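Every number in this text was worked out from the coordinates using simple rules, so none of it is lab data. Only a predicted model underlies this, so the values are computations on that prediction, with no experimental measurement involved. With ideal geometry, Cβ positions are generated from the backbone for all residues, glycine too; neighbour counts draw on all protein chains shown.
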Amino acid sequence: MFGCIHVPDFPVQAALLRESKSLPLALFDGPESQLKVVACNASARSAGVSIGMSKLQAEVCGVPLRRRVQEHEDAAQAELIDCGYNFSPHIEVTNPGTVIIDLIGSERLMGTGRTIAQLILGEVTKHGFESNVSIAANPDTAHYAARGFKGITIIEPSHEAQWLGMLPVEVLGLEPDVQDVLHAWGIKSLKALAALPSIELTERLGQYGLHLQQLARGTVMRELVPAALPPSFQETTELEESIELLERLAFVLNCLLEQIMNRLIERSLATDQIEIDLTLELNSDRDVNAPVCCTALATYQRTIKLPVPTQDGKVLLKLAQLDLAAHPPHAPVKKIKIEAIPARVRYTQTGLFQPLAPEPAKLEISMARIRAVVGETDSLNRQLVGFPALLDSHRPDHFRMTPPTTKHREGQPSAKLALRRFRPVIPARVEVSAEQIPVWIGFFRRKGRVLHASGPWRSSGDWWDAASEWNRDEWDVHITLDGCAALYRIFRDLVTRSWFVDGVYD
């Protein structure tokens with residue numbers, strides 16, 4: 001069972017999506033010197049407007065005219081696709097304003113074909129469209145029935161030719177030369193086309209003519225061409241008055257994020273990155289040094305990334321609030337655009353009674369709060385908040401801060417002994433034997449004899465740069481301080497000839 005949603009005069013309905021559909025309207029497009037009507041609704045046609053008419057001719061009919069805006073049609077098409085995904089994960093976008101839905105097996109969940117059609121029609125109407133809905137046993141029959149019949153049409157199996165026979169041949173969307181040939185033969189309905197002899201029709205029109213006859217008989221069976229997922233999910237709103245306060249801006253962001261997340265959840269998707277584009281209204285009259293009063297627009301962009309995909313809009317809203325609080329826009333916001341990059345939902349195995357680790361979303365919010373306090377980078381443009389990652393160098397304590405990662409490293413043994421480094425290193429007094437082995441050490445007004453010493457391990461690097469050159473001998477020493485044995489790492493800086501305590505082993 002297949003269902004089809006067809007929106008008549010789709011470009012006009014897209015332009016009037018939030019307005020009254022009874023308003024007569026015609027859309028024009030083309031070069032400025034050749035503006036022509038490309039779409040009009042039934043009210044405009046009743047006033048004498050027809051497609052292909054020039055703009056000047058349409059103005060004489062007294063019908064409101066608007067330029068065709070492709071963004072409006074794209075947004076309306078996205079809403080129509082969302083309606084289809086509410087009933088099946090397998091849909092086909094046949095034409096702008098036409099969506100075919102694979103409803104196989106849906107009777108057990110939603111009822112009979114007429115009940116399903118009523119649900120589909122109600123969902124499409126809720127989104128502001130006036131549409132036709134049909135149910136048939138194959139996609140093409142449902143498609144042409146929705147194009148030719150108003151309201152709800154239910155075609156039972158083996159009754160396709162009977163229903164389609166009442167429609168004109170124009171419903172097939174014929175090529176102009178083929179349509180002229182059929183009209184010359186006196187073929188004006190699908191019933192007449194279905195009654196033609198197949199062999200003679202193929203001899204004159206080829207395989208294309210035979211395919212048209214099979215469509216007229218309702219015998220074509222094919223697979224749906226799945227609708228391609230959009231590379232991103234966007235929501236845009238333009239404000240009547242500019243917003244300066246973060247609280248008011250967060251309210252608008254929450255509405256847009258809810259719409260995006262609903263669309264992602266309907267497709268069983270999540271997101272791990274959102275991009276916020278704010279169009280700012282710059283008023284020179286607010287600057288006392290500006291000589292001329294004028295208003296300009298500027299774009300302010302922020303990107304928020306998460307370690308794992310999420311479907312929780314509240315988490316994204318909180319991260320956006322913290323990010324904008326740390327990096328506020330420098331002017332009132334006039335337009336807001338949010339774009340989410342889709343990603344597959346990630347499922348993880350947790351413990352029986354408690355999670356194995358902090359929730360990634362809560363961890364990201366905590367890190368965002370820390371960044372808002374301490375900042376993101378230092379004077380050398382190094383990250384201040386994150387997880388340490390060793391760099392490809394043998395230099396001690398050479399690492400950088402990285403964002404949290406979700407990669408699980410398998411096959412690596414867990415560390416048995418950990419070195420807790422002192423930052424900064426602690427100056428020490430060390431006595432050595434004749435063999436240059438440490439035998440006594442003192443630091444922080446504490447001293448002790450070295451029981452065992454292992455080393456030295458000489459390491460050096462950056463000899464070509466005097467400012468960052470390092471050269472040292474490292475020792476691991478077992479000492480007793482105040483009656484307690486401990487294992488320390490010490491080193492001797494061969495440049496300054498000084499001793500330091502680098503860290504203690506846990």
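Each residue of region 335-344 was assigned a 3J(HN,Hα) from its phi angle through the Karplus curve 6.51 cos²θ - 1.76 cosθ + 1.60 (θ = phi - 60°); the sequence is 9, 10, 9, 10, 10, 10, 8, x, 8, 6 Hz, with glycine and proline shown as x.
Using Cβ point charges alone (K and R +1, D and E -1), the dipole size of the chain about the Cα centre works out to roughly 1600 debye.
List 131, 393, 189 from most exposed to least, where exposure is judged by having the fewest other Cβ atoms within 10 Å. Mind showing how you got there, number by number?
Values: 131 25, 393 10, 189 17.
Starting with the residue having the fewest Cβ neighbours, the order is 393, 189, 131.
Segment residue 228..residue 451, full-extension length gain: 73.2 nm, with 0.36 nm per residue of separation and the alpha-carbon distance subtracted. Taken along the Cα-to-beta-carbon direction at a fixed 7 Å, the label points for residue 188 and residue 236 span 4.6 nm.
Relative to the current alpha-carbon distance between residue 150 and residue 325, full extension at 0.36 nm per residue lengthens the span by 57.7 nm.
Excluding residue 456 itself, what net charge comes from residues whose Cβ is under 15 Å from its Cβ, given Lys and Arg +1 and Asp and Glu -1? All intermediate terms of the calculation are to be shown ahead of the outcome.
Numbers: positive: 458, 472, 489, 492, 497; negative: 435, 473, 474, 476, 493, 502.
That works out to -1.
Debye sum, Cα scatterers, region 71-228, no solvent: what log₁₀ I/I(0) at q = 0.09 1/Å? Values, matching the q order: -0.32. For residue 426, the residues 5 or more places off, or on other chains, whose built amide H falls under 5 Å of its own are 501.
Considering the values [x] 82, 29, 22; [y] 50, 26, 24; [z] 71, 31, 20, which represents semi-axes √(5λ) of the Cα gyration tensor in Å as calculated for the structure under consideration? It is the value labelled [z].
Length gain on complete extension for the stretch residue 459 to residue 180, per 0.36 nm per residue less the alpha carbon to alpha carbon distance? Write down the numbers at each step before the final one.
Working: separation 279, 0.36 × 279 = 100.44 nm, distance 8.82 nm.
Result for the pair: 91.6 nm of gain on full extension.
Inter-label distance, residue 252 to residue 433: 7.6 nm, where each label sits 7 Å from its Cα along the C-beta direction.
If I take every Cα pair under 8 Å that is 6 or more residues apart in the chain, average their sequence separation and divide by the length, what percent do I get for the relative contact order? All intermediate terms of the calculation are to be shown ahead of the outcome.
Numbers: 867 pairs, mean separation 44.4, N = 506.
Across the chain, relative contact order equals 9 percent.
Measuring r between the beta carbons of residue 125 and residue 381 and using R0 = 51 Å, the FRET efficiency lands at 0.40. Using helices alone, I'd like the mean residue ellipticity at 222 nm for the chain: each DSSP H run of four-plus residues gives -39500 (n - 2.57), total over residue count, nearest 500. Rounded to the nearest 500, the figure is -9000 deg cm²/dmol.
Ratio of Rg to Rh for region 419-505: 0.98 [Cα atoms; Kirkwood radius as inverse mean 1/r over pairs]. Considering only 16, 460, 256, and ranking their Cα positions along the charge dipole of the chain that arises from unit charges at the beta-carbon of Lys, Arg, Asp and Glu, the one farthest toward the positive end is 460. The simple spin-label model puts a point 7 Å past each Cα toward its Cβ; for residue 498 and residue 369 those points are separated by 3.9 nm.
For a Förster distance of 41 Å, can you work out the FRET efficiency between the beta-carbons of residue 301 and residue 395, rounded to the nearest 0.05?
It comes out at approximately 0.65.
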